[in-house]
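Here the structure comes first, spelled out in structure tokens, and everything after it is commentary.
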Ligand code: SAM
């Protein structure tokens, strides 16, 4: 059987053929590589909605403050202090600790007294706070964050675990491990063990030790175009497929690190099905008995379902249980999120 990477490489002609004059014009007017826009038409079904997506990607999502109860006396006091500096904070519906920030403060959000005290983590958008909430980690858990730097999600997990149990935070990049450590330190995380290693090696070192695993995989960032407009042109189709191949290796390792029946949350800040559903589809082939499950609902989050088919390639009905978040409909960064259960 051909791998999904082989199938996706074979789709290139089909993708190129779908670059109609209208697609080309739209891509040019917003400054994208045309193949990207052609794929968005396949994803969203029409040029009208694609235009809305591209317009939403013209501006960054709102900076987002996640109140860190490992350090902050209360989220109410944090809000009061930041509003005192001139910011306006609006709570998101899915968590009483997460606030989107508006206005201009007298001190930048990454340099306030409260930031240095570790009262909050500054996320680039609100969507990044959703995956840790879906993993269901609590005190006394054993949790693996398989791609942890700079630590936004790991520190949220530690907060949800109330600094109890064990959080193993794995990161391959030496430079990024430094940032991860200093963020965890600032935020008062004491239940984390930081390991500089490749996540692919976790199963052979730890075995199936973790009832809960988060994999926020490295990706092309096709959901972060609003934050980094260079991503409109940076990624070739071949880069995308290579990213898919790396994500498959990481997701297979994540599933093989989870305890029997354990929860594995796979997420990428990308709207590319090549990095979303196609990765899950390939990993399911490599880890027999693993399956996709429904993620718990979160107040005020109405995700789009994953795609079951892509340019005629079938993934499977399970993909409906995965989540897609888009800037034009959800007001977040673009994200793919999928909850899996490891084999028994
Ligand atoms: N979860 C992080 C957060 O919320 O702050 C962001 C993770 S970022 C999307 C992906 C990370 O995976 C990067 O820091 C990258 O260096 C790391 N990475 C890439 N390949 C890896 C590998 N083979 N094993 C472990 N980490 C890896």
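What do you reckon, is residue 97 in contact with a strand residue (DSSP E or B) (Cβ under 8 Å, 6 or more places away or on another chain) and closer than 30 Å to residue 275 by Cα? For residue 97, the condition - in contact with a strand residue (DSSP E or B) (Cβ under 8 Å, 6 or more places away or on another chain) and closer than 30 Å to residue 275 by Cα - is met.
If we scan the range 216-234, do we find a residue that is assigned to a strand (DSSP E or B), within 9 Å of the ligand (Cβ to nearest atom) and closer than 27 Å to residue 62 by Cα?
So far as the range 216-234 goes, yes, one or more of its residues are assigned to a strand (DSSP E or B), within 9 Å of the ligand (Cβ to nearest atom) and closer than 27 Å to residue 62 by Cα.
When every residue of the range 67-84 is checked against the conditions, none turns out to be assigned to a strand (DSSP E or B), in contact with a helix residue (DSSP H, G or I) (Cβ under 8 Å, 6 or more places away or on another chain), surrounded by 13 or more Cβ atoms within 10 Å (Cβ to Cβ) and touching a residue at least 60 places away in the same chain (Cβ under 8 Å). When the range 20-34 is limited to residues that are under 28 Å from the mean Cα position of the chain (by Cα) and part of a loop (DSSP other than H, G, I, E, B), the one that is surrounded by the most Cβ atoms within 10 Å (Cβ to Cβ) turns out to be 32. Scan the range 41-51 for residues that are under 14 Å from residue 223 (Cα atoms) and in contact (Cβ under 8 Å) with a residue 40 or more places away in the chain and the total you get is 1. For the range 202-215, residues that are within 15 Å of the ligand (Cβ to nearest atom) and in contact (Cβ under 8 Å) with a residue 12 or more places away in the chain total 8.
Coordinate-derived values only; no laboratory data. Just so it is clear, the structure is predicted and the values come from calculations on it, not from any experiment. Quick reminder, even Gly has a Cβ in these numbers, built from the backbone with ideal geometry, and neighbours come from all protein chains shown.
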